[in-house]
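Participant: Here it is: the structure, laid out below.
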Amino acid sequence: MPYKKKTADSEGGFTLIELLITIAIVGILAAIAIPQFVQYKERAYDSDSKSSLRHLFMACRVYWDDNGGINSCDITIASGPEYGFTIPTNVAMGGTGDETSFSATAKHMHSPHTYTIDNLGEIN
C-alpha cells in the first residue's frame with residue numbers, strides 16, 4: 001500500500017469564519033433570552049406575593065368563621081397552628097382588619113411591585 005500524504009484539503013476541522021458565525025449566533029440568542037429570563041423571574045416573584053396574600057386572606061376567613069367577623073385578624077393570628085398560614089421568607093407582608101375592613105400588602109424582596117388584598121379577596 002502506498003503512503004499518501006495528507007493535504008490541507010483533507011484535514012478536518014472548522015474554519016475561522018465558521019467559528020465566528022457560530023459565536024455570533026450564540027451571542028444573538030443570548031441577547032434575546034436573558035431579558036426574557038429576567039421577566040419570567042419577576043413574574044414568578046409577583047406570583048409568590050399574590051399567592052401569599054391569597055393564603056393569608058383564606059386563613060383569616062377561617063379565623064372569622066371560628067371567632068366572628070368583628071374580630072381583627074393579622075399575620076400573627078393567621079400563622080397560628082389552627083389556621084395554617086406559613087409566613088413566607090422572601091415576601092414582606094403586613095395587614096390587619098376585621099371581615100369588613102381587612103387589608104394586607106405583600107412585596108417580594110426581588111420584585112419592585114407591591115400588591116394589596118382587600119376584604120373581598122381582590123388583589124391589586
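Participant: Check V62, V26 and return the single one that is in a helix (DSSP H, G or I), surrounded by 14 or more Cβ atoms within 10 Å (Cβ to Cβ) and aliphatic (A, V, I, L, M).
Facilitator: Just a single option satisfies the conditions, and that option is V62.
Participant: Only one residue in S51, S72 is hydroxyl-bearing (S, T, Y) and out of contact with any strand residue (DSSP E or B) (no Cβ under 6 Å at 6 or more places or on another chain), so which one is that?
Facilitator: Result: S51 is the single residue among S51, S72 that is hydroxyl-bearing (S, T, Y) and out of contact with any strand residue (DSSP E or B) (no Cβ under 6 Å at 6 or more places or on another chain).
Participant: K107 is checked against (1) over 17 Å from G69 (Cα atoms); (2) touching a residue at least 12 places away in the same chain (Cβ under 8 Å); (3) loosely packed, with under 12 Cβ neighbours inside 10 Å and fails just one. What number does that condition carry?
Facilitator: It fails just one condition, (3).
Participant: Kindly indicate the residue of the range 65-82 that is assigned to a helix (DSSP H, G or I) and either among the hydrophobic types (A, V, I, L, M, F, W, C) or within 13 Å of the chain's Cα centre (by Cα) (or both) and also surrounded by the most Cβ atoms within 10 Å (Cβ to Cβ) among those meeting that condition. Break it down into steps so the answer makes sense when it comes.
Facilitator: Of the residues in the range 65-82, the ones assigned to a helix (DSSP H, G or I) are 65-67, 75-78.
Next, only the ones that are either among the hydrophobic types (A, V, I, L, M, F, W, C) or within 13 Å of the chain's Cα centre (by Cα) (or both) stay: 75, 77-78.
Numbers: I75: 18, I77: 17, A78: 26.
Among residues in the range 65-82 that are assigned to a helix (DSSP H, G or I) and either among the hydrophobic types (A, V, I, L, M, F, W, C) or within 13 Å of the chain's Cα centre (by Cα) (or both), the one surrounded by the most Cβ atoms within 10 Å (Cβ to Cβ) is A78.
Participant: Continuing with this model, one more query. Only one of these conditions is not met by K50: (1) of a type in the set (D, E, K, R); (2) more than 18 Å from L120 (Cβ to Cβ); (3) assigned to a helix (DSSP H, G or I). Which number is it?
Facilitator: (2)
Participant: Would you check if there is a residue in the range 83-98 being in contact with a Gly (Cβ under 9 Å, 6 or more places away or on another chain), surrounded by 12 or more Cβ atoms within 10 Å (Cβ to Cβ) and either more than 21 Å from R43 (Cα to Cα) or not acidic (D, E) (or both)?
Facilitator: Yes, the range 83-98 contains at least one residue that is in contact with a Gly (Cβ under 9 Å, 6 or more places away or on another chain), surrounded by 12 or more Cβ atoms within 10 Å (Cβ to Cβ) and either more than 21 Å from R43 (Cα to Cα) or not acidic (D, E) (or both).
Participant: A further question follows. Against the condition assigned to a strand (DSSP E or B) and of a type in the set (V, I, T), how does T96 come out, does it pass?
Facilitator: Numbers: assigned to a strand (DSSP E or B): yes; of a type in the set (V, I, T): yes.
Here the answer is yes, as T96 does meet what is asked.
Participant: Mind checking which pairs have a first residue in the range 63-85 that is on the phi > 0 side of the Ramachandran plot and modelled with pLDDT of 95 or more and a second that is of a type in the set (V, I, T) and assigned to a loop (DSSP other than H, G, I, E, B), Cβ under 7 Å, 6 or more apart or different chains?
Facilitator: Listed by first residue and then by second, the contacts come to nothing, as the list is empty.
Participant: Which of the residues belonging to the range 38-50 are modelled with pLDDT of 90 or more and surrounded by fewer than 15 Cβ atoms within 10 Å (Cβ to Cβ)?
Facilitator: If the condition is that a residue be modelled with pLDDT of 90 or more and surrounded by fewer than 15 Cβ atoms within 10 Å (Cβ to Cβ), then Q39, Y40, K41, R43, A44, S47 are the ones that fit.
The values are calculated or read from the model by the stated rules, or taken from the named source; none is laboratory data. These numbers come from a predicted model, not from an experiment. Don't worry about glycine lacking a Cβ; one is built from the backbone with ideal geometry, like all the others, and counts go over all protein chains shown.
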